[in-house]
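Here the structure comes first, spelled out in structure tokens, and everything after it is commentary.
The values are calculated or read from the model by the stated rules, or taken from the named source; none is laboratory data. Bear in mind that the values here come from a model prediction, so they are computed numbers and not experimental data. Side chains included, ligands, DNA and RNA excluded: accessible areas come from the protein's heavy atoms. Shrake-Rupley method; radii C 1.70, N 1.55, O 1.52, S 1.80 Å.
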Amino acid sequence: MRVLKVFFNYLIAEELCPGDVDLFRNIRFSKVDDRIDAFIDAHIKQILRYFDRESRNKPFHAYRNKMAVVFVLGTGVRLGELCNLRWNNIDFENNLVEVYGKKRKVVSIPIANKLRKELADYYVYLQSYYGGKPSQYVFCAINKSQLSPDTLASVFKRLKRLFNFDDVRLSAHTFRHTFASKALKNGMNAITLQRILRHESLQMTQRYVDMWGSDWKHHNEKYNPLNDIDL
């Protein structure tokens with residue numbers, strides 16, 4: 001609706017549409033849902049344990065899908081970025097990963113030591129599985145081809161059917177929200193989070209801060225007037 005409104009304003013400015021016609025007089029913009037879902041530790045443990053159980057029947061798929069979940073939890077990348085990730089995008093020495101984001105922008109973001117170790121173990125597994133010649137893609141099909149976003153999305157849809165959490169929406173993007181939630185609760189500042197998540201403005205990042213930011217709670221605890229009063 002916003003795009004259409006801008007388009008008709010352009011038509012009026014170019015005198016291609018009569019200016020006395022208010023096409024949006026009786027149209028109201030829908031309200032934006034301010035709720036942002038994030039997993040708690042119990043949700044994450046259930047999901048990871050499911051992959052561990054599945055590894056007995058489908059070891060390759062279970063390990064790949066578990067690592068996809070772990071990678072999003074550890075970096076906050078989007079689903080499409082996950083599909084495009086190649087091994088040569090990962091700098092194990094400097095703990096960095098190149099991400100092909102929106103508008104094909106290439107940005108390097110940090111990876112934690114724990115994720116680096118998990119990725120290294122996963123790569124060793126793939127080398128063994130493919131006889132020393134793994135796919136160039138980190139998360140590939142069993143024939144080493146690139147996964148499509150729809151294929152990876154189906155993994156999260158299957159998880160949604162299996163667990164059917166009634167208190168949180170299970171989707172790939174919820175793992176991205178969970179990264180933001182946990183990072184802020186652990187003390188990450190908004191500017192760092194914005195750079196890692198690659199938001200074009202602080203507006204979206206600020207929504208995360210408003211929900212999960214810990215600085216204001218910490219400062220209130222430290223400077224609250226009741227601290228100096230003997231109750």
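Worth a mention:
- Heavy atoms of the protein chains alone define the surface here; on that basis the chain has 65 Å² accessible area per residue at 1.4 Å probe size.
- Over 32 Å between alpha carbons, listed pairs K144/K185; K157/K222; K5/K66; K133/K185; K114/K160; K114/K144: K144/K185; K157/K222; K5/K66; K133/K185
- The 3J(HN,Hα) values that the Karplus relation (6.51, -1.76, 1.60; θ = phi - 60°) gives for the stretch 83-100 are, in residue order, 5, 7, 5, 10, 5, 6, 7, 9, 9, 5, 5, 9, 6, 10, 9, 7, 10, 8 Hz. Gly and Pro appear as x.
- Protein-only accessible surface order, largest first, of R207, R28 at 1.4 Å: R28, R207
- Close amide H partners of L147, meaning residues 5 or more places away or on another chain with modelled amide H under 5 Å apart, are A141.
- Most fluctuating residue given options A120, A42, A180, as computed from a GNM of the chain linking Cα atoms under 10 Å: A42
- Under 5 Å, built H, 5+ apart or other chain: amide partners of V77: none
- Remark: accessible surface ordering of R195, R86, R104 (largest first) is R195, R104, R86, probe radius 1.4 Å.
- Expressed as a whole percent, the accessible surface of the stretch 85-231 that belongs to carbon and sulfur atoms is 50, based on a 1.4 Å probe.
- Contact order relative to length of the chain, as percent, for alpha carbon pairs under 8 angstrom and 6 or more apart: 20
- Stokes-Einstein diffusion of the chain at 37 °C, 0.692 mPa s viscosity, Kirkwood radius from Cα pairs, rounded to a whole number: 158 µm²/s.
- Accessible surface, 1.4 Å probe, highest first, among residues D20, D52: D20, D52
- For the stretch 129-202, averaging the sequence separation of C-alpha pairs within contact (under 8 Å, six or more residues apart) and dividing by the residue count gives a relative contact order of 14 percent.
- Heavy-atom accessible surface of K117, to the nearest 10 Å², is about 120 Å², with a 1.4 Å probe and all protein chains retained.
- Computed with a 1.4 Å probe over protein heavy atoms only, the accessible area of Y223 comes to about 150 Å².
- Remark on R86: its backbone amide H falls under 5 Å from those of V138, a criterion applied only to residues 5 or more positions apart or on other chains, H modelled at 1.01 Å from N.
- Span-like helix ranges in the chain, DSSP H, alpha carbon extent 27 angstrom or more, Kyte mean at least 1.0: none
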